[in-house]
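Okay, structure first, notes after.
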Amino acid sequence: MTGIVVVSHSRALAEAAVGLATQMVGDGGPVIEVAAGLSETELGTDAAAISEALERATDEQGVVVFMDLGSALMSTETALEFLDPDLAERVHLTWAPLVEGLVGATVAAAGGADPERVVSEAELAVEAKKRHLATVTEDD
Amino acid sequence: MAESTASIDDLVGWLRRSAELLQQEASHLTELDAAIGDADHGANMSRGFTAVTEALDAESFDTVDALMKKVGMTMVSKVGGASGPLYGTFFLRFGTSQPGATELDATALAAAVEAGIGGIAQRGKSERGEKTMLDAWYPALEALQAADGLAAGVHAAAEAAAEGRDATEPMTATKGRASYLGERSVGHIDPGSASTALIWQAADETLGGAA
């Protein structure tokens, strides 16, 4: 099953997002690892912790990485340099929004989707939100 | 009188002096960052370099690459903000550009700094003139390359880094948190360029023997 890693400045934010997403799949979901915060409460991102999370979450198919903003992106790109190149090739970064994207990705991965498919489902999640709110605005 | 090459001990001295200056100036760096960013640069650099100092206390290093690998890995783990991967990548590339070296002359130092700056530019997808630390790094490198010898080189680099820092004031930020402010970033010095200037000041005081 395609694995997932959540990179955030805040551990609380990442864990809550994972909680929301795994509600959809019960016990049958993918491995989701969190690399967030410098500690339980300190905000920040840590490239070494991200590379360890990637090693834990990547299976034969690969892994999809969600990031919040700013240094989360650069720390994730730094983490890729620490990985075995074979493993790094199986890591897919997505610009999908953390909350909506993670829900879509978790459901897709639980259904056996490969990383490319998981990424496209995650990135589609923002379109559903846009369409919904566009409709609301028109009705007003 | 300064030597013509920097030993491992000299490089360790540079890193320790950098830590002292960054800790002393932490509140000033945070003030700069509060104006155009997220007000954490001083705390982040201070935390990162405190961890570097602890790593230097705990271990000794036989080669420049082993030393700088430790420094870089500590920075990417402990800083927390964008300066973690940026400075971390600088030190990692600095080290890997000098495999097996046990000392650096002015030419080797310039080559190591150039490799490190390449890492910052790649990591930040940034270039000169975008109101970032690169606006202090590039002038420092050019001054180092143009000077004759190590002491003169790091002295010229420290002056050029300070001028580069000051030159960020009228710039408009297009990278990082400050880019959200656009034109409102004008009139403020970039905090990353200020921490870079402190690291060069430390180089001048240690490698250059200016203290």
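What follows draws every value from the coordinates through simple rules; no lab data is involved. Keep in mind it's a predicted model, so treat the numbers as computed, not measured. All Cβ positions, glycine included, derive from the backbone under ideal geometry; neighbour counts span all protein chains shown.
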Amide H partners (placed H, <5 Å) of A:Leu93, local residues excluded: A:Val65
Only counting other Cβ atoms within 10 Å, I'd like A:Leu87, A:Leu98 sorted with the fewest neighbours first. A:Leu87, A:Leu98
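So what is the calculated 222 nm ellipticity per residue for chain B, using -39500 (n - 2.57) for each DSSP H run with n of 4 or more, over all residues, to the nearest 500 deg cm²/dmol? Before the final figure, lay out the partial values.
Numbers: 9 runs with 141 residues, N = 211.
Only helices count here, giving -22000 deg cm²/dmol.
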Can you tell me how much longer the chain between A:Ala88 and A:Ala12 gets when fully stretched, taken as 0.36 nm per residue apart minus their C-alpha distance, in nm with one decimal? 24.7 nm
Spelling it out for A:Ser10: with amide H atoms placed in the peptide plane at 1.01 Å from N, the residues 5 or more places away or on another chain with amide H under 5 Å from its amide H are A:Gly37, A:Gly44
In a shell of Cβ-Cβ distance under 13 Å around A:Asp84, excluding A:Asp84 itself, what net charge do Lys and Arg (+1) and Asp and Glu (-1) give? -4
Which whole-percent values make up P(r) of the protein assembly as shown when all C-alpha to C-alpha distances are grouped in 10 Å steps starting at zero? 6, 24, 30, 22, 13, 5, 1, 0
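Taking the beta-carbon count within 10 Å as an exposure proxy, list B:Tyr180, B:Tyr87 from fewest neighbours to most. All intermediate terms of the calculation are to be shown ahead of the outcome.
On the way: B:Tyr180 11, B:Tyr87 29.
So the ranking, lowest neighbour count to highest, is B:Tyr180, B:Tyr87.
May I ask you to derive the FRET efficiency for B:Ala34 and A:Thr41 from their Cβ-Cβ distance with R0 = 25 Å, giving the value to the nearest 0.05? Don't jump to the answer; show the numbers that get you there.
Values: r = 21 Å, r/R0 = 0.85.
Between B:Ala34 and A:Thr41 the formula returns 0.75.
Let me have the relative contact order for chain B, percent, based on Cα pairs under 8 Å that are six or more residues apart.
24 percent
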In whole Hz, what ³J(HN,Hα) sequence does region B:8-16 give by Karplus (6.51, -1.76, 1.60; θ = phi - 60°), x for Gly and Pro? 4, 4, 4, 5, 4, x, 4, 5, 5
If one builds a Gaussian network model of chain B from Cα atoms under 10 Å apart, the most fluctuating residue listed among B:Gly88, B:Gly192, B:Gly176 is B:Gly176
Explain nothing, just compute: Karplus ³J(HN,Hα) = 6.51 cos²θ - 1.76 cosθ + 1.60, θ = phi - 60°, for every residue of region A:95-103 in order, whole Hz, x for Gly and Pro. 7, 4, x, 4, 6, 4, x, 5, 4
Please list the non-local residues whose amide H lies under 5 Å from the amide H of B:Asp105, H modeled 1.01 Å from N, same-chain partners needing a gap of 5 or more. B:Ala6
Tell me the label-point distance for the pair B:Gln23, A:Asp27, using the 7 Å Cα-to-Cβ offset, in nm and rounded to one decimal. 5.1 nm
Per-residue Cβ contact counts at 10 Å, fewest first, order A:Ser120, A:Ser71 as A:Ser120, A:Ser71
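Can you give the average number of partner chain beta-carbon atoms within 10 Å of each beta-carbon in peptide A:39-45, as a whole number? Please report the intermediate quantities before stating the final value.
Values: counts 1, 0, 0, 3, 5, 10, 8.
The per-residue average across the peptide is 4.
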Mean-square fluctuation maximum in Gaussian network of chain B, Cα pairs under 10 Å, restricted to B:Ala157, B:Ala140, B:Ala58, hits B:Ala58
Assuming a viscosity of 1.306 mPa s and a temperature of 10 °C, what translational diffusion coefficient in µm² per second does Stokes-Einstein assign to region A:47-118, Rh being the Kirkwood radius over Cα pairs? 128 µm²/s
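Kindly count the pairs of lysines across the protein assembly as shown whose alpha carbons are less than 21 Å apart, treating pairs on different chains or eight or more residues apart as eligible. Provide the component values of the computation, followed by the final result.
Numbers: B:Lys69/B:Lys78; B:Lys70/B:Lys78; B:Lys125/B:Lys175; B:Lys131/B:Lys175.
Lysine pairs, 8 or more places apart or on different chains, close enough: 4.
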Under Karplus coefficients 6.51, -1.76 and 1.60, residue-wise ³J(HN,Hα) of region A:70-78 in Hz, glycine/proline x: x, 5, 4, 5, 5, 5, 5, 5, 5
